[in-house]
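> Attaching a single structure in structure tokens format; questions to follow.
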Amino acid sequence: MGTVLSISPATKKAVDADIAGDNAINDKSLKRPSMFVSLSWKKLVASSAKKSVKKVTPNPLPSRELPPSQVAQLNSENTRKTLQTEERKQRAPIPVPVPTVPTNKDTQNTNASSVQKQESSPPLVSPRRIVIQASTGELLRCLGDFVCRRCYKLKELNSGNVILWFRNIDRTLLLQGWQDQGFITPANVVFVYLLCEATIEDDVDNPAELQGTFQTCLYLAYSYMGNEISYPLKPFMIESNQDVFWETALSIINRLSGKMLQLNADPHFFTEVFQDLKSQRNSSEGSLDR
């Protein structure tokens, strides 16, 4: 038979109170670890943040002192490199600006401090363009006056004779078909004057000799400046000058080849020769422009 235990109400209340107290204790014991866990997690996060913010510097390399001999060698090498650099700068060409003629606006806007010039050296200015004009007939008359003034021993010579020699040869070449257009132009007359000025001597006393020398200059001028490939010798050569024609021609070529090329390549040189020819005009005679 089983034993039946009977519990009084007061005892039951006491038992229930004990059971409730044990449950409360158990609940508190269970809750306390969570608080400790949360506190320890916050501390762990804070410490990790401080570690991430802290900079990590590498360990510096141990410094070692160089021996005095090596220090002196390095100093000498640095000095040598510096000297070489300065020598290269001194040897480099210095750019020279091309001088130009300033306009009125440029001179007004230019600061006075940037336009300082040395008193010992003259200012460099580009040459200005000189406009010169002359007709073909005027230049022919200047050429004839020059030949007459140079050959002063030929009293009967006049500028018309020299112009006639020139025009007869040009007309003959046109009529015989050796050229399609006339050779006598201002530029070609200047070229002829360049040859005559350096070839015709002032002691000529024979008209035939003067004509032969003049027509030899014409032949070289036609050969160099003419529009045709070749020209015949007959209109340029006279009987009294056949023996010395080529000697005179070769002499002119040897002495004046550089100036002949310069006359076509250098406008300033052409202007100088042009002005020199124009200054040969005899003002006492009338103009001949035909």
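> For region 156-290, what is the charge dipole size about the Cα centre, in debye to the nearest 20, if Lys and Arg each add +1 at the Cβ and Asp and Glu each add -1 at the Cβ?
Approximately 500 debye in magnitude.
> If each of ARG80 and SER279 carries a label point 7 Å out from its Cα toward its Cβ, how far apart are those two points in nm?
6.3
> Just for the Cα atoms in region 142-189, what are the lengths along the principal axes, largest first, rounded to whole Å?
Between the extreme Cα coordinates on each principal axis of region 142-189 lie 37, 21, 11 Å.
> Ignoring ligands and nucleic acids, what accessible area does TRP165 show with a 1.4 Å probe (Å², nearest 10)?
Around 40 Å² of this residue is reachable by solvent.
> Can you find, among ASN282, PHE245, TYR231, the residue sitting farthest towards the positive end of the charge dipole of region 190-290, where Lys and Arg contribute +1 and Asp and Glu -1 at Cβ?
Farthest along the dipole direction, towards plus: TYR231.
> Next up: Considering only the other residues whose Cβ falls under 15 Å of the Cβ of VAL204, what net charge follows from Lys and Arg at +1 and Asp and Glu at -1?
Details: positive: ARG149, ARG150, LYS153, LYS155; negative: GLU156, GLU197, GLU201, ASP202, ASP203, ASP205, GLU209.
Local net charge: -3.
> With Kirkwood's inverse mean 1/r over C-alpha pairs for Rh, give me the Rg to Rh ratio of region 143-290, two decimals please.
That ratio is 0.93, to two decimals.
> Next question. Rounded to the nearest 10 Å², what accessible area does ASP205 have for a 1.4 Å probe in the complete protein model?
My reading of the accessible area for ASP205 is about 100 Å².
> Right, something else. Let me cross-check LEU210: its accessible surface, 1.4 Å probe, with only protein heavy atoms counted, in Å² to the nearest 10?
0
> How would region 150-217 be classified by its alpha-carbon gyration tensor: rounded, prolate or oblate, with rounded meaning a/c under 1.5 and the a/b versus b/c comparison settling the rest? Before the final figure, lay out the partial values.
Working: a/c = 2.39, a/b = 1.77, b/c = 1.35.
Here region 150-217 falls in the prolate category.
> Give me the net charge for the shell around CYS151: Cβ to Cβ below 12 angstrom, other residues only, Lys and Arg +1, Asp and Glu -1.
Values: positive: ARG149, ARG150, LYS153, LYS155; negative: ASP145, GLU156, GLU201, ASP202, ASP203, ASP205, GLU209.
Taking every Cβ under 12 Å from that of CYS151, the sum is -3.
The values are calculated or read from the model by the stated rules, or taken from the named source; none is laboratory data. Because the structure is predicted, anything quoted here is derived from the model rather than measured. Cβ sites come from the backbone with ideal geometry, for glycine too, and all protein chains shown count toward neighbours. Just the protein is used for accessible areas: all its heavy atoms, side chains included, with ligands, DNA and RNA removed. Shrake-Rupley method; radii C 1.70, N 1.55, O 1.52, S 1.80 Å.
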